[in-house]
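**Q** Pasting in a structure now, in structure tokens, and then I'll have a few things to ask.
The values are calculated or read from the model by the stated rules, or taken from the named source; none is laboratory data. Only a predicted model underlies this, so the values are computations on that prediction, with no experimental measurement involved. FYI the Cβ positions are ideal-geometry reconstructions off the backbone, even for glycines, and counts take in every protein chain you see. Ligands, DNA and RNA are excluded from the accessible area calculation, which covers all protein heavy atoms including side chains. Shrake-Rupley method; radii C 1.70, N 1.55, O 1.52, S 1.80 Å.
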Amino acid sequence: MNHISKLPQVQLSIFAKMTALANKHKAINLSQGFPNFKSNSKLIDLVSQAMNSGYNQYAPMPGILPLREAIAKKLDFLYNSTYYPETEITITSGATQAIYSIISAFIKPNDEVIIFKPAYDSYEPTVQLNGGIVVPIQLKAPDYKIDWNGVKQRVNDNTKMIIINTPQNPCATIFSESDLLQLQDITRNTNIIVLSDEVYEHIIFDEEKHQSVCLFPDLKSRSFLVASFGKTFHNTGWKMGYCCAPEELMEEFRKVHQFTVFSVNHPIQIALTEYLKEPNHYLELSQFYQKKRDLFTNMIKDSRFKVIPSKGTYFMMLDYSGISNEKDIEFANRLTIDFGLASIPISVFNEDNLDEKVLRFCFAKKDDTLKKAAEILNKI
């Protein structure tokens, strides 16, 4: 069959490649971002109870109302921000489906979408599938700061959307209050939609506060907030997330959502509703992961790798430029095959595959796994 690919440049994702390589060579897998420790047994039991209680058919299209009410209560508690459960919150099949549906609902051919790179790998192809034009803004190691004056210069009448991610994957940075205020100023009195990917909102370190779009009224009025239960509660395989937006934006989102997945896992929604009644289930996450970050950082402090400080997420960036001049993809492959430790090369997330000799490691792992990984890094 002859057919023209809509995504001719897209190959198998780097996460799938590195995990497959790790499995083949029996390497410690710090590449893909998933925990290797057990979920809270209470949450597992709640899902089982929901299944046994008969919640096994379609949930309502926007998600069950009690869960949306629980999310609204959480957002009010954390950010003193109001979203109406009936019209402004939708439960999604993971954050990636939310992102796909948001972009699909609003981006038309030749609409421009500003993306900060290194960026999570689903943003760009989704824009392209919808005929949009990606306007990449490359951030540079080691601080990955945004030049907002430069952003302002890229905004024009064709700019339809700006995608932000805080805490940011893969570079483990966070947006400051100043960042969000400048974004608010740039987008004020425009028709630009902001897609704010906040899946790591509860994994932020050193007493910093998460700066959500919903804290800034004008920004909130044009923004989608995207969040993830999978990331928050150590169950990435459940693919459970949600998004929030003003009613007129959410109405358009739901038009796409109902024909993409219609509704998402019903028993898990029942379980999460109950689980969210205890705020410590998410409030304790920062401390939990900061201990792992500090443990891993301390164990490799004498290695030849240079640690780029992780301010949020459960990822750490390591600069290997003092060890090798190899391309990061080649070095990551060699690290997996020869040394038994899998990571993610950052160039794949950059514009024109910019190679700054940096690898991303996931520290959402058992302490024993991190110790074994550190021993490998210290030998190199």
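**Q** For segment 1-41, give me the residue count where each residue is surrounded by 15 or more Cβ atoms within 10 Å (Cβ to Cβ), under 28 Å from Pro267 (Cα atoms) and among the aromatic types (Phe, Trp, Tyr).
**A** Qualifying residue count for the region: 1.
Residue-by-condition table, conditions (1) over 15 Å from Gly312 (Cβ atoms); (2) free of Cβ contacts under 8 Å to residues at least 12 places away in the same chain; (3) open to solvent by less than 10 Å² (accessible area, probe 1.4 Å); (4) assigned to a helix (DSSP H, G or I):
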| residue | (1), (2), (3), (4) |
| --- | --- |
| Gln153 | yes, yes, no, yes |
| Gln168 | no, no, yes, no |
| Asp185 | yes, yes, no, yes |
| Asn189 | yes, yes, no, no |
| Val199 | no, no, no, no |
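**Q** Which of the helices (runs of 4 or more DSSP H) contained wholly in segment 69-140 include at least 1 residues that are open to solvent by less than 10 Å² (accessible area, probe 1.4 Å) and farther than 25 Å from Glu208 by Cβ?
**A** 94-106, 123-129
Residue by residue, here is whether (1) over 19 Å from the mean Cα position of the chain (by Cα); (2) open to solvent by less than 50 Å² (accessible area, probe 1.4 Å); (3) not acidic (Asp, Glu) holds:
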{"site": "Tyr282", "(1), (2), (3)": "no, yes, yes"}
{"site": "Lys291", "(1), (2), (3)": "yes, no, yes"}
{"site": "Asp319", "(1), (2), (3)": "yes, yes, no"}
{"site": "Thr336", "(1), (2), (3)": "yes, yes, yes"}
{"site": "Asn353", "(1), (2), (3)": "yes, no, yes"}
{"site": "Ala364", "(1), (2), (3)": "no, yes, yes"}
{"site": "Lys379", "(1), (2), (3)": "yes, no, yes"}
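**Q** I'd like the full set of residues that are within 18 Å of the chain's Cα centre (by Cα) and of a type in the set (D, E, K, R), limited to segment 71-113.
**A** Listed by number, the list is empty, since nothing qualifies.
**Q** Which of the residues that make up segment 4-60 are within 30 Å of Gln128 (Cα to Cα) and among the hydrophobic types (A, V, I, L, M, F, W, C)?
**A** Correct list: Ile4, Leu7, Val10, Leu12, Ile14, Phe15, Ala16, Met18, Ala20, Leu21, Leu30, Phe34.
**Q** Report whether or not Ile376 is over 30 Å from Asn235 (Cα atoms), touching a Phe, Trp or Tyr at 6+ places or on another chain (Cβ under 7 Å) and touching a residue at least 40 places away in the same chain (Cβ under 8 Å).
**A** Criteria not met by Ile376.
**Q** Are any residues in segment 338-351 closer than 22 Å to Lys301 by Cα and either under 22 Å from the mean Cα position of the chain (by Cα) or open to solvent by less than 60 Å² (accessible area, probe 1.4 Å) (or both), and if so, which ones?
**A** Gly340, Leu341, Ala342, Ser343, Ile344, Pro345, Ile346, listed by residue number.
**Q** Another question, then. With respect to the numbered conditions (1) open to solvent by less than 60 Å² (accessible area, probe 1.4 Å); (2) in contact with a strand residue (DSSP E or B) (Cβ under 9 Å, 6 or more places away or on another chain); (3) charged (D, E, K, R), which one is the sole condition not fulfilled by Lys311?
**A** Condition (1) is where Lys311 drops out.
**Q** For segment 174-183, how many residues are surrounded by fewer than 20 Cβ atoms within 10 Å (Cβ to Cβ), in contact (Cβ under 8 Å) with a residue 12 or more places away in the chain and assigned to a helix (DSSP H, G or I)?
**A** Counting residues in segment 174-183 that are surrounded by fewer than 20 Cβ atoms within 10 Å (Cβ to Cβ), in contact (Cβ under 8 Å) with a residue 12 or more places away in the chain and assigned to a helix (DSSP H, G or I) gives 4.
**Q** Exactly one of these conditions fails for Ile44: (1) in contact (Cβ under 8 Å) with a residue 40 or more places away in the chain; (2) surrounded by 12 or more Cβ atoms within 10 Å (Cβ to Cβ). Give me its number.
**A** (1)
**Q** May I pose another question? Would you check which residues across segment 216-238 are surrounded by fewer than 17 Cβ atoms within 10 Å (Cβ to Cβ) and over 24 Å from Arg254 (Cβ atoms) and list them?
**A** If the condition is that a residue be surrounded by fewer than 17 Cβ atoms within 10 Å (Cβ to Cβ) and over 24 Å from Arg254 (Cβ atoms), then Gly237 is the only one that fits.
**Q** Quick check on this structure: which one of Gln11, Gln32 is in contact (Cβ under 8 Å) with a residue 12 or more places away in the chain and either closer than 22 Å to Ile337 by Cα or hydrophobic (A, V, I, L, M, F, W, C) (or both)?
**A** After ruling out the rest, the residue left standing is Gln32.
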